[in-house]
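Below: the structure, in structure tokens.
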Amino acid sequence: MTTSATHSPGGRAGSLWREVTQHGLLWPSVALVVLLLACGVKSPGFLDVTLRDDHLYGQLVDLLRNSATPLLLALGMCLVIATGGIDLSVGAVMAMSLAVSLTYLDGAADPSSPVTVATALALGLGLGAVAGAFNGFMVAALGIQPFIATMILMVAGRGIAMLITEGQITTVTSPPFKSLGSGFVLGIPTPVVIAVAVFVLVTLAVRRTALGMFLESIGINREASRLAGVKARSTTWTVYVIAGLLAGLAGIVYGAPTMAADANNIGLLKELDAIMVVVLGGTRLDGGRFHLGGLVVGALLLSALERAVIIFELPSQTTPLFKAVVLIAVCVAASPYLRGRLRTPRPGARGAQRPVEVAA
């Protein structure tokens with residue numbers, strides 16, 4: 001009979017090594033673990049999690065809380081990128097949604113009323129969906145390039161938020177609304193619960209229905225997908241609405257702890273963070289295949305980077321540079337060239353031997 005060296009223990013080990021090194025989440029995960037360990041060494045209490053009053057506390061818990069906003073933004077951004085598009089307006093949509101919610105609460109007779117808070121939440125989410133629908137109309141119906149179409153709202157959105165708040169920093173007191181960003185559900189921070197729930201819903205929508213296949217087919221070849229019967233226009237429109245809705249939710253979760261709507265600063269440059277999370281999660285920016293699971297690693301890595309700047313007492317101005325360095329390192333490690341080098345067996349390696357004939 002004939003057997004091959006690849007079936008030997010060394011061959012199986014080589015195959016497992018190649019499979020591990022080729023996985024898109026390897027290097028982001030390694031970077032996350034190294035960063036967490038480094039923070040733990042610098043700040044001995046960093047990895048501690050305590051339970052007080054049935055609530056979880058600790059820097060790791062804060063890291064999870066801070067990861068909720070970039071994860072919500074990245075979920076919508078990932079779906080848009082899967083179609084070959086981009087959404088540069090998510091930061092401005094965050095500001096608009098928070099502005100309309102807090103402005104409504106500020107003018108309400110009882111800002112703490114559950115009905116009032118629910119209405120404010122609905123207004124914020126509704127405005128986010130409308131903004132997404134506008135982007136979808138520009139891209140899907142009018143055929144404007146996504147970069148240009150979403151840049152329009154990126155610029156105009158902050159002006160709209162300024163009009164809503166009348167150029168002022170709107171502040172209001174509403175404990176139920178504030179709990180959306182600083183409260184707890186069964187001991188777990190509310191933003192984490194919201195982000196996990198949305199992640200599960202989006203995952204079910206794209207993996208248990210045909211939506212995910214439609215997104216990938218549109219991103220790979222829009223015209224071919226249209227000829228195959230995929231409703232590319234309506235699907236593209238839908239994902240922009242989803243992205244706007246999630247950006248609105250992210251704005252509310254992000255601004256709820258402070259209960260202050262600053263139209264100039266809320267969501268500023270958050271679109272770049274969302275794109276960074278998508279890239280770290282292993283999704284290509286040219287559309288097609290996408291990886292939702294990688295967004296969790298990307299969001300955690302982004303939040304860990306921001307926390308590391310504080311722990312290592314680096315100037316806050318260096319945060320973008322710190323992010324860029326880690327992003328470059330991860331992207332280079334996951335580049336096709338290095339992955340190909342890891343895939344190619346070395347001369348004389350056991351996995352590179354020819355199959356040998358063994359007599360039966």
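The values are calculated or read from the model by the stated rules, or taken from the named source; none is laboratory data. Every value quoted in this text rests on a predicted model; they were computed, and no experiment measured them. Please note: Cβ atoms are built from the backbone with ideal geometry, for glycine as well, and neighbour counts cover all protein chains shown. The protein model used for the area step is the full one, side chains on, heavy atoms only, and it has no ligands, DNA or RNA in it. Shrake-Rupley method; radii C 1.70, N 1.55, O 1.52, S 1.80 Å.
Between the C-alpha center of region 237-269 and that of region 29-73 there is a gap of 23 Å.
Rounding to the nearest 20 debye, state how big the charge dipole of region 57-332 is about its Cα centre with +1 on each Lys and Arg Cβ and -1 on each Asp and Glu Cβ.
Numbers: 14 positive and 13 negative charges, 154 e Å.
Taking the Cα centre of region 57-332 as origin, the dipole is about 740 debye.
Which is the longest run of the chain containing none of the trypsin sites (Lys or Arg not before Pro) found in DSSP loop states (not H, G, I, E, B) with at most 16 other C-beta atoms within 10 Å?
Numbers: sites that count: 208, 231, 284, 289.
Formally, the longest exposed-site-free interval is 1-207.
Long hydrophobic helices in the chain: the complete DSSP H runs spanning 30 Å or more by Cα along their own axis with mean Kyte-Doolittle hydropathy of at least 1.0 are 59-82, 114-136, 232-255.
For region 281-335, run through the chymotrypsin sites (Phe, Trp or Tyr not before Pro) and keep only the ones in DSSP coil with at most 15 other Cβ atoms within 10 Å of their Cβ. Display every interim value, and only then the final one.
On the way: sites: 290, 312, 322; in loops: 290, 312.
Taking region 281-335 and a limit of 15 other Cβ atoms within 10 Å, the loop chymotrypsin sites (Phe, Trp or Tyr not before Pro) found are 312.
Tell me, what is the per residue accessible area of the chain in Å², probe radius 1.4 Å?
Numbers: 17850 Å² over 360 residues.
On a per-residue basis, 50 Å².
Rounded to 0.05, the FRET efficiency of the residue 37 and residue 265 pair, given R0 = 35 Å and the Cβ-Cβ distance, is 0.60.
Determine the gain in length on full extension of the stretch residue 324-residue 221; use 0.36 nm per residue of separation and subtract their C-alpha separation, reporting nm with one decimal.
Values: separation 103, 0.36 × 103 = 37.08 nm, distance 3.11 nm.
Gain in length upon complete extension: 34.0 nm.
Would you please give the FRET efficiency between residue 205 and residue 118, computed as 1/(1 + (r/R0)^6) with r the Cβ-Cβ distance and R0 = 30 Å, to the nearest 0.05? My answer for the efficiency is 0.80. Here the accessible area is traced with a 1.4 Å probe on the protein chains. For the chain, carbon and sulfur cover 66 percent of it.
Take every Cα pair under 8 Å whose residues are at least 6 apart in sequence, average their separation, divide by the length of region 57-332, and the relative contact order is 36 percent. In the chain, helical runs assigned H by DSSP with n ≥ 4 each contribute -39500 (n - 2.57); averaged across all residues and rounded to the nearest 500, the mean residue ellipticity at 222 nm is -21500 deg cm²/dmol.
Please label the shape of region 196-272 as rounded, prolate or oblate, based on the square roots a ≥ b ≥ c of the eigenvalues of the alpha-carbon gyration tensor (a/c under 1.5 means rounded; beyond that, a/b larger than b/c means prolate, else oblate).
Details: a/c = 3.73, a/b = 2.15, b/c = 1.73.
Because a/c hits 1.5 or more and a/b exceeds b/c, region 196-272 counts as prolate.
Which percent of Cα pairs goes in each bin when the distances of the chain are cut into 10 angstrom slices starting at zero? Pairs per bin, as whole percents: 5, 21, 28, 24, 12, 5, 3, 1, 0. Counting 0.36 nm for each residue step from residue 258 to residue 286 and taking away their Cα separation leaves a gain of 6.4 nm.
For region 88-244, report the % of Cα-Cα distances exceeding 23 Å. I get 49 percent for the Cα pairs in region 88-244 exceeding 23 Å.
With each label modelled as a point 7 angstrom along the Cα→C-beta vector, the residue 313-residue 337 pair spans 3.9 nm.
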